[in-house]
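The values are calculated or read from the model by the stated rules, or taken from the named source; none is laboratory data. As the structure is a prediction and not an experimental result, all values here were calculated from the model. Quick reminder, even Gly has a Cβ in these numbers, built from the backbone with ideal geometry, and neighbours come from all protein chains shown.
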Amino acid sequence: MSDADAPLRPPLITGDKSLSDITRDICVPMERKPTGLWWAAFLVSAAALTVGVAAVWYQLVTGIGTWGLNRTVGWGFDITNFVFWVGIGHAGTLISAVLFLFRQKWRTAVNRSAEAMTLFAVMCAGIFPLIHMGRTWLAYWTLPYPNTRGPLWVNFRSPLLWDVFAISTYLLISAVFWYVGLIPDLATVRDRSQPGLRRRVTSILSLGWDGSARTWHRYETVYMLLAGLATPLVFSVHTIVSMDFATSVIPGWHTTIFPPYFVAGAIFSGLAMVLTLMLIARRVMHLEDYVTLTHIERMSLLMLSMGCIVGFAYGTEFFMAAYSGNPYEQFVFKNRALGPLSGAYWTMVTCNVVVPQLLWFRSVRRSLPLVFMIAILVNVGMWFERFVIIVTSLHRDFLPSSWAHYIPTSIEIATFVGSFGLFFTCFLIFCRIAPAIAIAEVKGAAGLKKRPAMRRVDAQSSAVAPGTVAAETAKPAGVS
Amino acid sequence: MSHRLLLATFEHEDDLIGATTAARRTGLRIVDVFTPYAVHGLERAMGLRPSRLTWVCFVCGMTGALGMLWFEHWTASISWPVNVGGKPWNSLPSDIPVAFEAAVLLAGFGSVFALFGVSRLFPGKTARTVAPRTTDDRFVLVIDETDAAFDADRVREMLEGFDVVETEERVITDRTWFRQRRLSS
């Protein structure tokens, strides 16, 4: 018997819901006309997206000389934003795959939107290296295909190429994972909608799903396999991203701590983004009974633990630099904390290490405005972490004559704003066209057992019916 | 040929599991069960074997990993050997990350498409839901009436013991529907 059914645990959903209440509560927000608040958010996001599209068009036509990069600082906003967005995506896979393998039933309330977030974040991430290639229209040269240049193959020894494979696999597997999870819910939407466009589209996309237990049995097997595959995948993706840095010989990058440090940071920033989005979505879409304070509190605890790991990594980096006896390494870290970009460094430490410590207090974890503020600050801090790693390690070269400064141009800032526009536009559209909470998974995890008084089963049968014992103590399910 | 089927509808998963277990114990032939979500323990009650899709996943994953390792070795040391920083042509450790990604990609897509194939899920298929509410809040147990062990009165009595909401007799002639559930058509 799973512990989520035990009365000592708070219920996963509140409000005494029946199965049909769950279907209705989750489907109604997307079947109604969009609210004014949704339109306002959509217009702002679409405006940001438009700014981004214009900026991308301009730099594609003019070239990436429009960026503030120079011969010393060869990576700036572009790679910072790439690593930032890939990191955001990681929490989605953590919640949908890793917590699934750990049988954390509370994940069902947030996994659908977290997976959608993963997908959109990886799309946003992809923009930056694609543009940075310079001749974006030749991006397919990164794939090994038979060509007329030899054939000249790609260099499989380069971490940058590993990244191409890691990010594209991650995007595809996340998309499949998300879609497979959606199929039963699309069938639910299909069966409750009137004849029309919505019914036609959901009929096609739900692939003729009829709820047969044989199919469910295979489906559960495949879902578990996908979770098992996605778990090492998510660790590999950010490990490979960190190797883009760690395999170079730049002081501040050339360190073995990078893979775990990057993975922890990625999950940390992603959790902050999930919390930011869910706190808004539960209010706007009236899903307070499904994304409860318990969910917020558990995600806050995860965020706190990740924040502590990241803080520990910051300390380890400094210790290793001091202990290495390498003057270049020592200089880079002193320069990080006290040099011209020390503002970015201390913003990072404050937002990522100091502020999350407030989450040790239960009253803070249960206060929505405070959690929201902390999540936003963690997002800011994690963006600065990537900026600090990339720019402070580069701007002081081995030769003092090559030292330079880096200031982003308006085009780079506009592209960054545009990536937020893309992310939020996609997310807002997703909330309108697909169930934002996994209906079938919430039903399965809600533990809606029968009322004890209604049981008339002989002892022999009840002995073989799992859930009977819990039914004696569980909260009575509302009868529709 | 057609089959006479008995459709028993339940409101709660524990009733469904109880009735399925009891039906199977009395030797009745369970055609299928339709549920709005994955009911854990139902596969045991129905006596379903563990899915063999795990093997598909394993074979696809191995194909991806070994195929990509071979391809990396072939491109880097046979088709066009390029000296990169004096590293050996067949530098196996640096081939591992891409081989791993290929394994995950092929295993993931392979098992999902195998699921679609085995369960006959494809775009444009008309869903044959036995009752409209099986994707919402109803659980339907389908028993074969043409079976020798079927005794109408005893079955009804058994189902009522599990608070059946509704029973319905139905004749189904759809051949693919049977084939999928391993019944002779």
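Which of the residues that make up region A:225-256 are at the interface with chain B (Cβ under 9 Å from one of its Cβ atoms) and in contact (Cβ under 8 Å) with a residue 24 or more places away in the chain?
Listed by number, the residues that qualify are A:226, A:228, A:229, A:230, A:233, A:236, A:237, A:239, A:240, A:243.
Residues in region A:73-108 that are part of a loop (DSSP other than H, G, I, E, B) and either under 14 Å from residue A:412 (Cβ atoms) or modelled with pLDDT of 90 or more (or both): how many?
We begin by selecting, within region A:73-108, every residue part of a loop (DSSP other than H, G, I, E, B); these are A:73-76, A:102-104.
Applying the additional criterion that residues be either under 14 Å from residue A:412 (Cβ atoms) or modelled with pLDDT of 90 or more (or both) yields A:73-76.
Total meeting the criteria: 4.
Going through region B:162-181 one residue at a time, which ones are over 15 Å from residue B:144 (Cα atoms) and crowded, with 17+ Cβ neighbours inside 10 Å?
B:162, B:163, B:164, listed by residue number.
Can you name every residue in region A:34-88 that is hydrophobic (A, V, I, L, M, F, W, C) and in contact with a His (Cβ under 6 Å, 6 or more places away or on another chain)? It would help to see each step written out before you state the result.
Here is the first cut: in region A:34-88, the residues hydrophobic (A, V, I, L, M, F, W, C) are A:37-44, A:46-49, A:51, A:53-57, A:60-61, A:64, A:67, A:69, A:73, A:75, A:77, A:79, A:82-86, A:88.
A:73 - this is the single residue of region A:34-88 that is hydrophobic (A, V, I, L, M, F, W, C) and in contact with a His (Cβ under 6 Å, 6 or more places away or on another chain).
This table checks each residue for (1) buried (at least 17 other Cβ atoms within 10 Å of the Cβ); (2) under 22 Å from residue A:445 (Cα atoms); (3) modelled with pLDDT of 85 or more.
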site: B:2; (1), (2), (3): no, no, no
site: B:10; (1), (2), (3): yes, yes, yes
site: B:16; (1), (2), (3): yes, yes, yes
site: B:34; (1), (2), (3): yes, yes, yes
site: B:54; (1), (2), (3): no, no, yes
site: B:57; (1), (2), (3): yes, no, yes
site: B:64; (1), (2), (3): yes, no, yes
site: B:69; (1), (2), (3): yes, no, yes
site: B:76; (1), (2), (3): yes, no, yes
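So how many residues does region A:295-341 have that are free of Cβ contacts under 8 Å to residues at least 60 places away in the same chain and touching a Ser or Thr at 6+ places or on another chain (Cβ under 8 Å)?
3
Enumerate the helices (runs of 4 or more DSSP H) found wholly within region A:309-375, keeping only those where 1 or more residues are among the acidic types (Asp, Glu) and touching a helix residue (DSSP H, G or I) at 6+ places or on another chain (Cβ under 7 Å). Walk me through it before giving the result.
Working: elements: A:327-338, A:342-349, A:362-365.
Here the list reads A:327-338.
Residue under question is residue B:129, and the condition is that it be of a type in the set (Ser, Thr, Tyr) and surrounded by fewer than 21 Cβ atoms within 10 Å (Cβ to Cβ); does it hold?
Details: of a type in the set (Ser, Thr, Tyr): yes; surrounded by fewer than 21 Cβ atoms within 10 Å (Cβ to Cβ): yes.
Spelling it out, residue B:129 is indeed of a type in the set (Ser, Thr, Tyr) and surrounded by fewer than 21 Cβ atoms within 10 Å (Cβ to Cβ).
Anything in region A:243-256 that is surrounded by 20 or more Cβ atoms within 10 Å (Cβ to Cβ) and farther than 21 Å from residue A:335 by Cα? List them, or say none.
A:243, A:244
How many residues does region A:303-358 hold that are closer than 26 Å to residue A:271 by Cβ and among the polar types (S, T, N, Q)?
Count: 6.
Give the residues of region B:72-100 that are of a type in the set (Asp, Glu) and over 19 Å from residue A:151 (Cα atoms), sorted by residue number. Steps first, please.
Taking region B:72-100 first, the residues of a type in the set (Asp, Glu) are B:72, B:95.
B:95 - this is the single residue of region B:72-100 that is of a type in the set (Asp, Glu) and over 19 Å from residue A:151 (Cα atoms).
Report, by residue number, each residue of region B:33-62 that is within 7 Å of chain A (Cβ to nearest Cβ) and either part of a helix (DSSP H, G or I) or of a type in the set (Phe, Trp, Tyr) (or both).
B:34, B:37, B:42, B:43, B:46, B:53, B:54, B:57
Hey, could you check region B:83-100 for residues that are more than 7 Å from chain A (Cβ to nearest Cβ) and in a helix (DSSP H, G or I) and say which is nearest to residue A:179 (Cα to Cα)? Break it down stepwise before answering.
Going through region B:83-100, the residues more than 7 Å from chain A (Cβ to nearest Cβ) turn out to be B:83, B:85-86, B:88-90, B:92-93, B:96, B:99.
Now narrow it down to the ones that are in a helix (DSSP H, G or I): B:92-93, B:96, B:99.
Working: B:92: 35, B:93: 34, B:96: 28, B:99: 25 Å.
Checked region B:83-100; the qualifying residue nearest to residue A:179 (Cα to Cα) is B:99.
Could you list, in sequence order, the residues of region A:130-167 that are in a helix (DSSP H, G or I) and over 22 Å from residue B:95 (Cα atoms)?
A:130, A:131, A:132, A:136, A:137, A:138
Out of A:154, A:176, A:222, which single residue is surrounded by 22 or more Cβ atoms within 10 Å (Cβ to Cβ), facing chain B (nearest Cβ under 9 Å) and in contact with a helix residue (DSSP H, G or I) (Cβ under 8 Å, 6 or more places away or on another chain)? It would help to see each step written out before you state the result.
On the way: A:154 fails: surrounded by 22 or more Cβ atoms within 10 Å (Cβ to Cβ); A:176 fails: surrounded by 22 or more Cβ atoms within 10 Å (Cβ to Cβ).
Every option except A:222 fails the conditions.
When you go through (1) polar (S, T, N, Q); (2) surrounded by fewer than 20 Cβ atoms within 10 Å (Cβ to Cβ); (3) touching a residue at least 40 places away in the same chain (Cβ under 8 Å) one by one for residue A:292, which number turns out not to apply?
(2)
Tally up the residues in region A:186-204 that are surrounded by fewer than 22 Cβ atoms within 10 Å (Cβ to Cβ) and facing chain B (nearest Cβ under 7 Å), please.
2
Could you tell me whether any residue of region A:54-68 is more than 17 Å from residue A:418 (Cα to Cα) and in contact (Cβ under 8 Å) with a residue 12 or more places away in the chain?
Yes, there is a match, as at least one residue in region A:54-68 is more than 17 Å from residue A:418 (Cα to Cα) and in contact (Cβ under 8 Å) with a residue 12 or more places away in the chain.
Would you check if residue B:103 is more than 7 Å from chain A (Cβ to nearest Cβ) and farther than 27 Å from residue A:435 by Cβ?
On the way: more than 7 Å from chain A (Cβ to nearest Cβ): yes; farther than 27 Å from residue A:435 by Cβ: yes.
Against the criterion (more than 7 Å from chain A (Cβ to nearest Cβ) and farther than 27 Å from residue A:435 by Cβ), residue B:103 qualifies.
Considering only region B:122-162, state which residues are assigned to a loop (DSSP other than H, G, I, E, B), under 20 Å from residue B:34 (Cβ atoms) and more than 9 Å from every other protein chain (Cβ to nearest Cβ). I'd like the intermediate steps shown before the answer.
First pass over region B:122-162, keeping only residues assigned to a loop (DSSP other than H, G, I, E, B): B:122-131, B:136-138, B:145-151, B:162.
Next cut, under 20 Å from residue B:34 (Cβ atoms) only: B:122, B:125-131, B:136-138, B:145-147, B:150, B:162.
If the condition is that a residue be assigned to a loop (DSSP other than H, G, I, E, B), under 20 Å from residue B:34 (Cβ atoms) and more than 9 Å from every other protein chain (Cβ to nearest Cβ), then B:131, B:145, B:146, B:147, B:150 are the ones that fit.
Filtering region B:109-121 down to residues that are without any contact (Cβ under 8 Å) to a residue 12 or more places away in the chain and either in contact with a Leu (Cβ under 6 Å, 6 or more places away or on another chain) or over 18 Å from residue A:203 (Cα atoms) (or both), which residue is farthest from the other protein chains (Cβ to nearest Cβ)?
B:113
Out of curiosity, is residue A:170 over 19 Å from residue A:99 (Cβ atoms), part of a helix (DSSP H, G or I) and more than 7 Å from chain B (Cβ to nearest Cβ)?
Numbers: over 19 Å from residue A:99 (Cβ atoms): no; part of a helix (DSSP H, G or I): yes; more than 7 Å from chain B (Cβ to nearest Cβ): yes.
So residue A:170 does not fit the description; no.
Please verify whether region A:203-215 includes one or more residues that are in contact (Cβ under 8 Å) with a residue 12 or more places away in the chain, touching a strand residue (DSSP E or B) at 6+ places or on another chain (Cβ under 8 Å) and in a loop (DSSP other than H, G, I, E, B). Reasoning before the result, please.
Step one: list which residues in region A:203-215 are in contact (Cβ under 8 Å) with a residue 12 or more places away in the chain, which gives A:203, A:205-207, A:209-211.
Checking which are touching a strand residue (DSSP E or B) at 6+ places or on another chain (Cβ under 8 Å) leaves us with A:210-211.
Restricting the remaining residues to those that are in a loop (DSSP other than H, G, I, E, B) gives A:210-211.
Taking every residue of region A:203-215 in turn, at least one turns out to be in contact (Cβ under 8 Å) with a residue 12 or more places away in the chain, touching a strand residue (DSSP E or B) at 6+ places or on another chain (Cβ under 8 Å) and in a loop (DSSP other than H, G, I, E, B).
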